[in-house]
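Here is the structure we will look at.
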Amino acid sequence: MDKIVELIKQDPIRVDALKVVSQLALPQCYIAAGFVRNLVWDSLHNFEMHTPLNDVDVLYFDPDESNPDSYLFYEAQLKSCMPQLNWQVRNQALMHIRNGDSPYTSSLDAMSYYPEKETAIAIRQTAQDKYECIAAFGFKSLFNFYVTHNPKRSRESFENRVNSKGWLQRWSSLKIAP
């Protein structure tokens, strides 16, 4: 998605984060969720200052990884490069256990279980100044000011997240999708 890449390239922190994550060379590795979603919503609302990153969600998919604590090593590596960010690294090949789902088949499949569809978006650096964006539900609703419940998760969970995160207050033009 060219518009997302354009927005990312205008944000040096996000460019640097994508670079250090790419250096981990993990399979199907992306930065997901608010890293992308919030940047788009900030742009749609013409915010001059980006919403601060509470955390940076790094996901990868490695069904052959034998140590379930490998993510701690990757988080430490990322923290040593960019200590100002709160890194959250998770192997999506294992996350179905915690979430009570059937095994995920890929990073994209894992994102298809996120409580709101606009969060199921990710980006990675594939080469110098080259990026790949993926979205489990496409990009349209993200750019149309929607927050959409994912029926794979409970409506209550969705509503709790929307309310606790204050999205409708922060980005006042957002609407809950019908």
Using amide H atoms built 1.01 Å from N in the peptide plane, name the residues 5+ places from residue 89, or on other chains, whose amide H lies under 5 Å from its own.
58
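What number, rounded to the nearest 500 deg cm²/dmol, is the helix-based mean residue ellipticity at 222 nm of the chain, given -39500 (n - 2.57) per DSSP H run of at least four residues and division by all its residues?
Working: 9 runs with 74 residues, N = 178.
Theoretical 222 nm ellipticity from helices: -11500 deg cm²/dmol.
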Between residue 172 and residue 105, what length in nm is gained on full extension when 0.36 nm per residue of separation is reduced by their alpha carbon distance?
20.5 nm
Counting only other residues whose beta carbon sits under 13 Å from that of residue 35, what net charge do I get with K and R as +1, D and E as -1?
-3
Considering only DSSP states other than H, G, I, E and B, which GluC sites (Glu not before Pro) in the range 1-106 qualify as loop sites with at most 10 other Cβ atoms within 10 Å?
48
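If you place +1 on the Cβ of every Lys and Arg, -1 on the Cβ of every Asp and Glu, and leave all else neutral, what size is the dipole of the range 9-63 about its Cα centre, to the nearest 20 Debye?
Values: 4 positive and 7 negative charges, 29 e Å.
Computed charge dipole of the range 9-63: roughly 140 debye.
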Mind checking the dipole of the chain: about its Cα centre, +1 per Lys or Arg Cβ, -1 per Asp or Glu Cβ, Debye to the nearest 20?
460 debye
Hits among lysines - C-alpha to C-alpha of residue 140 under 18 Å, sequence gap 8 or more where chains match
3, 117, 175
Based on the Cβ-Cβ distance from residue 141 to residue 11, what FRET efficiency comes out when R0 is 25 Å, to the nearest 0.05?
0.65
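Looking at the chain, send over the antiparallel percent of its DSSP beta bridges, to the nearest 5.
In the chain, DSSP labels about 65 percent of beta bridges as antiparallel.
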Sorted from fewest to most neighbouring beta carbons within 10 Å, what does the list 29, 81 look like?
81, 29
Given R₀ = 45 Å, FRET efficiency for residue 130-residue 156 by Cβ-Cβ distance, to 0.05?
0.65
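Every number in this text was worked out from the coordinates using simple rules, so none of it is lab data. The shown structure was predicted, so the numbers you read here are calculated from the model rather than taken from an experiment. Quick reminder, even Gly has a Cβ in these numbers, built from the backbone with ideal geometry, and neighbours come from all protein chains shown.
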